[in-house]
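Worksheet for the structure shown next.
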Amino acid sequence: MKNYDFKAISDACVKCGKCIPTCTIHTANPDEVTSPRGFLELLGAYDRGDLELDKNAKNIFESCFLCTNCVDVCPNTLPIDAMIENVRYDIAKKYGIAFYKRAFFWFLRHRFFMDLAAKLGYVFQTCGFKIKHELNSMKPRFSLPMIKKDRLLPSTASKSFLNSHPPIIENGGEGKVGIFIGCLANYSYTDIGEGLLEIFKALKIDVYLIKEQVCCGAPAYFTGDFDTVEYLARKNIAYFKEVLAELDAIVIPEATCSAMIKEDYVHFFASRDEELAKQMKELNKKIFMATEYLQKHTRLQSLLAKKQAQKELITYHDPCHAKKMQGIYKEPRALLAQNYEIKEMSDSNQCCGFGGVTIQSEKFHLAKKIGDKKADMIEQTNATYVSAECSACKMQITNSLFQNKSKAVFKNPIELIAKALRA
Ligand code: SF4
Ligand code: SF4
C-alpha cells in the first residue's frame, strides 16, 4: 500500500541537485541512479508503469541509507526516504523477505522468545565470538556468510534491562515517567537504561518500566515488512494509551525508536487507520527523546551545573533520526556541556552509515565506506568519547572506530550524564 503519490512527487522535483552532495549513498557510489534525484526519477517511472521492479531496481532501492539528508536540504521537502520505504514494501511482496530477516522480525514480534534467545545468546556467545566487555561488543572467531571475522557486533547482556528491575521504581514522587528502552539497549547496551535510572533517582522522579512494550518496528519498516510494523505499532499504541493516562511522559533514549514512534507511526497509519493516526498524534505530546525531556521538563541541567567538570573531551554525532527528523540536537549538548568540554567534529550531520538490516548484512561494504569517514572525523577531534543518543549509531560507530584503530569510545549521552552525576 502506497502512502505517497510517487508520480506527483517525482514531478515536483525541480532537478536543482542540492540533495546530491549531501546524499550518503551517492558519496559511497557516485552515480546518478543512486542519488535522491535519480531515485525520484525511477520512482516516477515505476508509478507510470515504465520501470519493472527487477533485481537491478531492487538493488538500487535497497542501497538508500534512509538518512533523510536529502529531505532536509530539498527546497520542496520531497519525502524521498518515505517513498523508498514504501517501494521496499512492493519489493518485499515481489521477492519475499530473506529467511534470516524473517526470523529476526519474528523474534521482535515475540518478546518471550526474544528474551529466551538473548539468554541462550549470552550463554553461548563465547563459543563463536571474542567478547569485548568495555565496548559491549563481540568479534567473530571465524568469518560467517555476511560477517567478516574482524567486525564488531553488539554482545548480549547477561539479563535484559527490562528483566533486571521491578516494574515500578519509586524515587520520591516528584514526577512519574515510563521508559521505552529500544531492543539494542534492552538486550545489549544495558548501561543506557541503567544510566537513565540513576538520573531519575537523582531527580526524585518515579520510573515505570512499562514492561509490555514491544519493539518499535523500525528494522521491519526499513525492510518493507509492513505486517510486522502494523502488528508491533498497534500493540504499542494501545499500551501507550493505557499507561500514559497515569504518567507524565514516556522517554526514549534512542533516536531511531523515537522517530519511528513519533513520526513514522503517524505516517504509516494515515492511509490505513486515520483514527489511530490521530490518536498517535495526541499521544506524541507526552512522548519524548530522553535528553529532550530531561533538558526541557526537569531540573537536570541545574543539577549538573553543581557537579564537577569531567576531564574527558567529547564530540557529538547527530543521529539522522534525532536532528533531521525530530529537530533534537541542542538538548543533549546543553546537558553534556555542563560537565564536559565538547569539540565539534567537521560534520556532525554526516550519517554514521548504519542504514538498516539490509545494509548491515548484504551491503556492508557501503556501510564500511561511510563509517570510515565518520571514524576519521571523530579521530581528528582527539576526543575520548563520541556521543549520540542512538544505539544503531553506537553499533556502527563502535565498529568503525575499532576498524580504524581509533582510541575514542562511543557512549550514549545518558551514560555520560549519569557518570557526571556520580562524581
Ligand atoms: S535518504 Fe539519504 S541515502 Fe537515501 S537518497 Fe536521501 S540522502 Fe541519499
Ligand atoms: S533537492 Fe529536491 S528538488 Fe532538488 S534535485 Fe534533489 S529532490 Fe529534486
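Restricting I80, I60, I20, I84 to residues that are among the β-branched types (V, I, T), more than 9 Å from ligand 1 (Cβ to nearest atom) and at pLDDT 95 or above narrows the list to I60. Is at least one residue of region 59-68 more than 9 Å from ligand 2 (Cβ to nearest atom) and open to solvent by 50 Å² or more (accessible area, probe 1.4 Å)? Scanning region 59-68 turns up at least one residue that is more than 9 Å from ligand 2 (Cβ to nearest atom) and open to solvent by 50 Å² or more (accessible area, probe 1.4 Å).
Scanning region 189-209 for residues that are open to solvent by 10 Å² or more (accessible area, probe 1.4 Å) and either in a loop (DSSP other than H, G, I, E, B) or not acidic (D, E) (or both) gives T190, L197, K201, A202, K204, I205, Y208. Among the residues of region 374-407, those identified as in contact with a strand residue (DSSP E or B) (Cβ under 6 Å, 6 or more places away or on another chain) and surrounded by fewer than 21 Cβ atoms within 10 Å (Cβ to Cβ) are T381, T384. Here T298 meets each of (1) farther than 18 Å from G193 by Cβ; (2) touching a residue at least 40 places away in the same chain (Cβ under 8 Å); (3) of a type outside the set (A, V, I, L, M) with one exception, condition (1). Taking the criterion of being touching a residue at least 60 places away in the same chain (Cβ under 8 Å) and in a helix (DSSP H, G or I), the residues of region 236-251 that qualify are V243, L244.
Applying the condition of being open to solvent by 10 Å² or more (accessible area, probe 1.4 Å) and under 21 Å from I80 (Cβ atoms) to region 318-336 and asking which residue is nearest to ligand 1 (Cβ to nearest atom) yields C320.
Of a type outside the set (G, A, S) and closer than 28 Å to K296 by Cβ, is that true of E362? The answer is no for E362. In a residue-by-residue description of region 85-98, the property of being over 21 Å from H267 (Cα atoms), part of a helix (DSSP H, G or I), open to solvent by 20 Å² or more (accessible area, probe 1.4 Å) and away from ligand 2 (no atom under 15 Å from the Cβ) applies to at least one position. The set of residues from region 1-55 being farther than 22 Å from Q350 by Cα, open to solvent by less than 50 Å² (accessible area, probe 1.4 Å), assigned to a loop (DSSP other than H, G, I, E, B) and within 11 Å of ligand 2 (Cβ to nearest atom) comprises A12, C13.
The values are calculated or read from the model by the stated rules, or taken from the named source; none is laboratory data. Small disclaimer: the values here were computed from a predicted structure and weren't measured. FYI the Cβ positions are ideal-geometry reconstructions off the backbone, even for glycines, and counts take in every protein chain you see. These area figures cover heavy atoms from the full protein model, side chains too; ligands, DNA and RNA do not enter into them. Shrake-Rupley method; radii C 1.70, N 1.55, O 1.52, S 1.80 Å.
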